[in-house]
Amino acid sequence: MERIPVSAEGLSAGYSSPVVEDICFNVRQGEVMTLVGPNGSGKSTLLKTLAGCLEKLGGTVFFDGEDTDNISTGEKAKKLSIVLTERIRPDLMTCRDVVETGRYPYTGRMGLLKDADRKAAQEAIEMVGAEDLADRDFSEISDGQRQRIMLARAICRQPHILILDEPVSYLDLYHKLAFLEILRKLADEKRLAVIVSMHELELAREISDHVIALKNGRALYSGKPEDIFTKDIIMELFDIPEKLYDKYYTNTMKGKM
């Protein structure tokens with residue numbers, strides 16, 4: 001039977017009151033699920049709740065079929081890695097040092113790395129093509145390079161689930177494409193379940209197996225990319241008048257609809 005690393009039933013997320021409600025999905029091994037929608041639609045809130053950074057307000061989240069309420073914090077940390085929008089600013093740490101912090105669920109109280117931990121970190125560095133950055137000061141590299149290092153930090157944990165919040169927002173086009181190619185490789189070759197939020201619809205269409213379109217705290221649409229990224233749905237999702245859509249939306253996307 002195909003394993004489902006992460007799923008949700010009737011999930012509500014927010015702070016004192018719900019920002020998103022009644023969210024349901026399954027993400028299988030090797031799948032990329034993308035959240036899209038206007039600013040304020042609840043993408044980041046939903047991801048932070050799935051990651052355990054926020055307490056859920058209702059519903060159930062499952063990791064490998066088990067209710068996360070019944071999974072210890074340590075076990076969750078081994079199953080899940082996250083790359084959120086907050087930028088870390090470590091002092092006097094090389095990129096390799098930063099990547100190796102991803103092994104903390106396995107190092108015990110003393111935080112001492114074993115050979116297996118160093119090997120996992122090195123493999124993650126190679127997976128994202130960052131061998132030339134490994135011994136450089138993390139504070140002195142570019143945003144695109146930092147995103148690769150943070151991704152290596154996440155995957156060196158060897159998780160089942162990878163959650164990323166707007167991971168390419170600060171990157172130029174080349175680094176966006178390179179980063180997303182790595183994500184697709186992780187899903188295809190490592191069989192990770194990947195959940196990512198994105199603004200770049202044309203890129204989301206290419207990388208995703210499944211898309212949830214959020215608006216006003218609800219899943220307005222859910223389905224395959226080719227079914228979601230249509231002219232009518234995009235205009236409805238972002239409140240775009242047809243005249244503006246036809247004038248400014250990319251020829252590449254219009255040609256695929």
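Please state which one of GLY144, GLY111, GLY59 is on the phi > 0 side of the Ramachandran plot, surrounded by fewer than 19 Cβ atoms within 10 Å (Cβ to Cβ) and outside any strand (DSSP E or B).
When all the criteria are applied, what remains is GLY111.
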**Q.** Positions within region 28-45 being crowded, with 24+ Cβ neighbours inside 10 Å and within 12 Å of SER208 (Cβ to Cβ), in sequence order
**A.** VAL32, THR34, LEU35, VAL36
Q | Residue among ILE149, ILE195, ILE234 that alone is of a type in the set (A, V, I, L, M, F, W, C) and touching a helix residue (DSSP H, G or I) at 6+ places or on another chain (Cβ under 6 Å) | A | ILE149
(Q) Tell me which strands (runs of 3 or more DSSP E) are completely within region 1-42 and hold 3 or more residues being more than 18 Å from LEU80 (Cβ to Cβ), or say none if there are none. (A) 6-14, 18-27
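Read-outs throughout are calculated quantities, based only on the coordinates presented, and are distinct from any laboratory measurement. Model, not experiment: these values are computed from the prediction. Counting neighbours? That spans all protein chains shown, and the Cβs are built from the backbone with ideal geometry, glycine included.
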